[in-house]
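Taking it in order: structure first as structure tokens, then the write-up.
The values are calculated or read from the model by the stated rules, or taken from the named source; none is laboratory data. This one's a predicted model, so the numbers in the text were calculated from it and none came from an experiment. Please note: Cβ atoms are built from the backbone with ideal geometry, for glycine as well, and neighbour counts cover all protein chains shown. Surface accessibility is based on the protein's heavy atoms, side chains included, excluding ligands, DNA and RNA. Shrake-Rupley method; radii C 1.70, N 1.55, O 1.52, S 1.80 Å.
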Amino acid sequence: MHKIVLFILLFGFISALPAQSPLLDLHLCKLQTGVFTKKEFNLINGDTIYKKFEKYLTAVEGVDSVLYVESFNVNRSWTLARYIVRGKERAPAGWQSEYDINGYKLIARYCEVETGDCNLIEKFSYYPNGNRMAAVSYYKHKLNGNSYFYHNDGSLKNSIEYNNGKLWNINAYYDQNGNSLDQGTICDGTGMVYVYASTGKLINMRWYKAGKKLK
């Protein structure tokens with residue numbers, strides 16, 4: 001009933017569209033160029049439809065030699081990884097992404113090459129029509145930074161800032177017609193949060209202190 005409660009429940013939940021095809025059409029590949037090193041496919045009406053593949057792309061970005069690896073295994077995993085290459089060694093660097101069978105991004109991890117830290121994570125969920133429902137940011141498994149929630153038509157519903165797992169600020173709030181709504185008085189974890197229906201009707205108010213909801 002209460003939107004903020006619903007959002008919190010969504011934070012740890014990843015919702016993706018159900019698979020509509022057990023195979024992958026070539027044009028859905030994330031790397032539009034590169035070299036296939038492994039592939040299993042069927043030819044359907046003259047089109048190459050993949051069951052498995054691995055694809056590499058090398059590039060020079062600034063002073064770095066970079067390797068991208070896309071790996072697809074039907075009904076198991078679909079990933080796109082980025083590595084910094086130094087001699088014979090390679091280390092994850094930048095965004096590493098995971099997708100569902102339809103190509104919708106589910107998880108992204110940001111890796112620091114020097115430390116090996118991949119603790120910055122974004123999770124994504126979707127409506128049945130394919131529009132994004134939420135993009136939620138974590139650090140070390142706690143909500144952190146800005147998370148974004150959307151209406152069914154794809155328009156922004158609200159932007160919420162978290163700090164080490166605590167509700168910190170409401171940066172924006174819109175009804176389903178795009179009208180801006182009062183976010184409340186919360187600032188750096190303390191104050192009132194207004195809760196609205198999708199129509200923009202105010203349905204509840206909640207008080208927070210130091211990022212925690214008061215009973």
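Can you tell me which residues in segment 169-188 are among the charged types (D, E, K, R) and surrounded by fewer than 17 Cβ atoms within 10 Å (Cβ to Cβ)? If the condition is that a residue be among the charged types (D, E, K, R) and surrounded by fewer than 17 Cβ atoms within 10 Å (Cβ to Cβ), then Asp182, Asp188 are the ones that fit. Are any of the residues in segment 112-131 open to solvent by 40 Å² or more (accessible area, probe 1.4 Å), out of contact with any Lys or Arg (no Cβ under 8 Å at 6 or more places or on another chain) and among the basic types (Lys, Arg)? Yes. Scanning segment 165-178 for residues that are free of Cβ contacts under 8 Å to residues at least 40 places away in the same chain and of a type outside the set (Gly, Ala, Ser) returns Asn169, Ile170, Asn171, Tyr173, Tyr174, Asp175, Gln176, Asn177. For the residues Ser71, Ser77, Ser97, the requirement of being touching a Ser or Thr at 6+ places or on another chain (Cβ under 8 Å), open to solvent by 40 Å² or more (accessible area, probe 1.4 Å), within 17 Å of Leu31 (Cα to Cα) and not basic (Lys, Arg) singles out Ser77.
Starting from residues that are among the acidic types (Asp, Glu) and loosely packed, with under 14 Cβ neighbours inside 10 Å, keep the ones in segment 24-68 and report whichever is modelled with the highest pLDDT. This residue is Glu61.
For beta carbons closer than 6 Å, sequence separation of 6+ or different chains, a first residue in segment 126-151 that is without any contact (Cβ under 8 Å) to a residue 40 or more places away in the chain and more than 26 Å from Asp188 (Cα to Cα) and a second that is of a type in the set (Lys, Arg) and surrounded by 15 or more Cβ atoms within 10 Å (Cβ to Cβ), there are no qualifying pairs.
How many residues are in contact (Cβ under 8 Å) with a residue 60 or more places away in the chain and open to solvent by less than 40 Å² (accessible area, probe 1.4 Å) if we restrict to segment 102-111?
Adding up the residues that qualify gives 3.
Within segment 132-149, restricting attention to residues that are open to solvent by 50 Å² or more (accessible area, probe 1.4 Å) and hydroxyl-bearing (Ser, Thr, Tyr), the residue that is nearest to Tyr174 (Cα to Cα) is Tyr148.
Checking each residue in segment 154-168 for being surrounded by fewer than 19 Cβ atoms within 10 Å (Cβ to Cβ), over 18 Å from the mean Cα position of the chain (by Cα) and either of a type in the set (D, E, K, R) or under 18 Å from Leu181 (Cβ atoms) (or both) picks out only Lys166. The numbered conditions (1) modelled with pLDDT of 95 or more; (2) basic (Lys, Arg); (3) out of contact with any Cys (no Cβ under 7 Å at 6 or more places or on another chain) are all true for Lys88 except (1). Only residues that are farther than 18 Å from Lys212 by Cβ, in a strand (DSSP E or B) and of a type in the set (Ser, Thr, Tyr) were counted in segment 139-172, giving 4.
Yes/no matrix, rows are residues, columns are (1) closer than 12 Å to Lys157 by Cβ; (2) of a type in the set (D, E, K, R); (3) in contact with a strand residue (DSSP E or B) (Cβ under 9 Å, 6 or more places away or on another chain):
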position	(1), (2), (3)
Asn177	yes, no, no
Asp182	no, yes, yes
Asp188	no, yes, yes
Tyr194	no, no, yes
Ser198	yes, no, yes
Leu202	no, no, yes
Trp207	no, no, yes
Ala210	no, no, yes
Leu214	no, no, yes
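Filtering segment 179-215 to residues that are touching a residue at least 60 places away in the same chain (Cβ under 8 Å) and either over 27 Å from the mean Cα position of the chain (by Cα) or not in a loop (DSSP other than H, G, I, E, B) (or both) leaves Val193, Val195, Tyr196, Ile203, Asn204, Arg206.
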